[in-house]
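S.K.: Mind having a look at this structure? Questions to follow.
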Amino acid sequence: IVERINLNSTEKEEIVWLDIPSSNNSIKRDILLKILWENIFLKQIESITHWRITSNSDLKSKELLQKYFMELNRFRCLTIFRKGYHGVDQLNHQIESFAKKDLYPKKGSITKFDWTIKRKKLANKLYYTGLPILITENDRNRKLFNGDIGLVLPIGKENFVELRAVFAIENQLASFALDTLASH
C-alpha cells in the first residue's frame, strides 16, 4: 500500500495499491483518476512529445522499439468491469474529460500545461501524442488483432507532422493512419 504514485515511482511490485483516504467510493474513483492523470498519464504524454520520429524508416530503430515497449508497459490501469461507474467505459470517459480540459483548453482559459502536444479530433474521438489504443476488432490484413495495444505518435518533420497509431508487429514498429484503424 502506498500513499502516492508517480511516474518515477520506485515500487518494485507489479501491482500497487494506492490508499486514498475517503469513505465515499465515487470520490475515491475521481480522486484516483485525477492523481493518475496528473502524476502519470500527463507526464508520459509530455515525455513522448519529445520523441523525434521523422519518417516511417525511423520506426525500424531497435532503440525506438525498446523505448516504445518501455513506455507502453510502464503503467496500466485495469478494471474487471466494462460497463457501470467503475467500468472501463466510464473510467476512460472521465480520463478523456481531463484530456479535453487540459489538452484542448477553451479560448482564453488558463491551463497549467504549456508544452506543445500534437492532438487531433477525428470522428468525435480525441487523439493525442502518447494515447494508448486498444484494438477491439481483428484486421488480418494489417496483422492487428483484438487486444493489441499501440500508441499514438507524431511522425514527420517540422512542417508536416501527422499523428499515427503505432503498433509492434512481429517485433517491428508499424504505423497506421488513425482514420483507417479497425474498431478500437
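The values are calculated or read from the model by the stated rules, or taken from the named source; none is laboratory data. Treat the numbers as computed from the prediction; the structure is a model and nothing was measured. Quick reminder, even Gly has a Cβ in these numbers, built from the backbone with ideal geometry, and neighbours come from all protein chains shown. The accessibility values were calculated without ligands, DNA or RNA, using every heavy atom of the protein model including side chains. Shrake-Rupley method; radii C 1.70, N 1.55, O 1.52, S 1.80 Å.
S.K.: Can you name the number of the only condition in (1) among the hydroxyl-bearing types (Ser, Thr, Tyr); (2) open to solvent by 60 Å² or more (accessible area, probe 1.4 Å); (3) in contact (Cβ under 8 Å) with a residue 12 or more places away in the chain that residue 57 fails?
M.R.: Only one criterion in (1) among the hydroxyl-bearing types (Ser, Thr, Tyr); (2) open to solvent by 60 Å² or more (accessible area, probe 1.4 Å); (3) in contact (Cβ under 8 Å) with a residue 12 or more places away in the chain is unmet by residue 57, namely (3).
S.K.: If you take the residues of the range 18-35 that are within 16 Å of residue 95 (Cα to Cα), of a type in the set (A, V, I, L, M) and modelled with pLDDT under 85, which of them is surrounded by the fewest Cβ atoms within 10 Å (Cβ to Cβ)? Walk me through it before giving the result.
M.R.: First, pick out the residues of the range 18-35 that are within 16 Å of residue 95 (Cα to Cα): 26-35.
Keeping just the survivors that are of a type in the set (A, V, I, L, M) gives 27, 31-33, 35.
Remaining after also requiring modelled with pLDDT under 85: 27, 31-32, 35.
Working: 27: 11, 31: 15, 32: 17, 35: 16.
Once the filter is applied, the top-ranked residue is 27.
S.K.: Can you tell me which condition residue 156 does not meet? The list is (1) exposed (fewer than 13 other Cβ atoms within 10 Å of the Cβ); (2) of a type outside the set (A, V, I, L, M); (3) within 12 Å of residue 53 (Cα to Cα), and all the others hold.
M.R.: Of everything listed in (1) exposed (fewer than 13 other Cβ atoms within 10 Å of the Cβ); (2) of a type outside the set (A, V, I, L, M); (3) within 12 Å of residue 53 (Cα to Cα), residue 156 misses just condition (1).
S.K.: Considering each of 75, 69 in turn, give the residue that is closer than 20 Å to residue 184 by Cα, within 14 Å of the chain's Cα centre (by Cα), of a type outside the set (Ser, Thr, Tyr) and at pLDDT 90 or above. Give the steps one after another, and end with the answer.
M.R.: On the way: 75 fails: at pLDDT 90 or above.
Result: 69 is the single residue among 75, 69 that is closer than 20 Å to residue 184 by Cα, within 14 Å of the chain's Cα centre (by Cα), of a type outside the set (Ser, Thr, Tyr) and at pLDDT 90 or above.
S.K.: Can residue 134 be described as closer than 19 Å to residue 49 by Cβ and among the hydrophobic types (A, V, I, L, M, F, W, C)? Walk me through it before giving the result.
M.R.: Numbers: closer than 19 Å to residue 49 by Cβ: no; among the hydrophobic types (A, V, I, L, M, F, W, C): yes.
Here the answer is no, as residue 134 does not meet what is asked.
S.K.: Determine if the range 171-178 includes at least one residue that is surrounded by 13 or more Cβ atoms within 10 Å (Cβ to Cβ), modelled with pLDDT of 90 or more and part of a helix (DSSP H, G or I). I'd like the intermediate steps shown before the answer.
M.R.: First, pick out the residues of the range 171-178 that are surrounded by 13 or more Cβ atoms within 10 Å (Cβ to Cβ): 173-176, 178.
Remaining after also requiring modelled with pLDDT of 90 or more: 173-176, 178.
In the following step, the residues that additionally are part of a helix (DSSP H, G or I) were identified as 178.
Within the range 171-178 (the criterion being surrounded by 13 or more Cβ atoms within 10 Å (Cβ to Cβ), modelled with pLDDT of 90 or more and part of a helix (DSSP H, G or I)), the answer is yes, since at least one residue qualifies.
S.K.: Name the residues in the range 144-153 that are open to solvent by less than 20 Å² (accessible area, probe 1.4 Å) and either of a type in the set (Phe, Trp, Tyr) or under 14 Å from residue 54 (Cβ atoms) (or both), would you? Let's see the steps before the verdict.
M.R.: First pass over the range 144-153, keeping only residues open to solvent by less than 20 Å² (accessible area, probe 1.4 Å): 144, 150-153.
Within the range 144-153, 153 is the sole residue that qualifies.
S.K.: Filter the range 107-130 down to residues that are at pLDDT 80 or above, of a type in the set (A, V, I, L, M, F, W, C) and either more than 24 Å from residue 77 (Cα to Cα) or open to solvent by 30 Å² or more (accessible area, probe 1.4 Å) (or both), then give me how many there are.
M.R.: Adding up the residues that qualify gives 2.
S.K.: Let me ask something additional. Being assigned to a helix (DSSP H, G or I) and among the aliphatic types (A, V, I, L, M) narrows it down to one residue among 45, 80; which is it? Spell out the reasoning first.
M.R.: Working: 80 fails: assigned to a helix (DSSP H, G or I).
Within the list 45, 80, the selection yields 45.
S.K.: Output the residues belonging to the range 60-84 that are open to solvent by less than 100 Å² (accessible area, probe 1.4 Å) and within 19 Å of residue 167 (Cβ to Cβ). Please lay out each step first, then the result.
M.R.: Pass one, the range 60-84, residues open to solvent by less than 100 Å² (accessible area, probe 1.4 Å): 61, 64-65, 67-69, 71-75, 77, 79, 84.
If the condition is that a residue be open to solvent by less than 100 Å² (accessible area, probe 1.4 Å) and within 19 Å of residue 167 (Cβ to Cβ), then 61, 64, 65, 67, 68, 69, 71, 72, 73, 74, 75 are the ones that fit.
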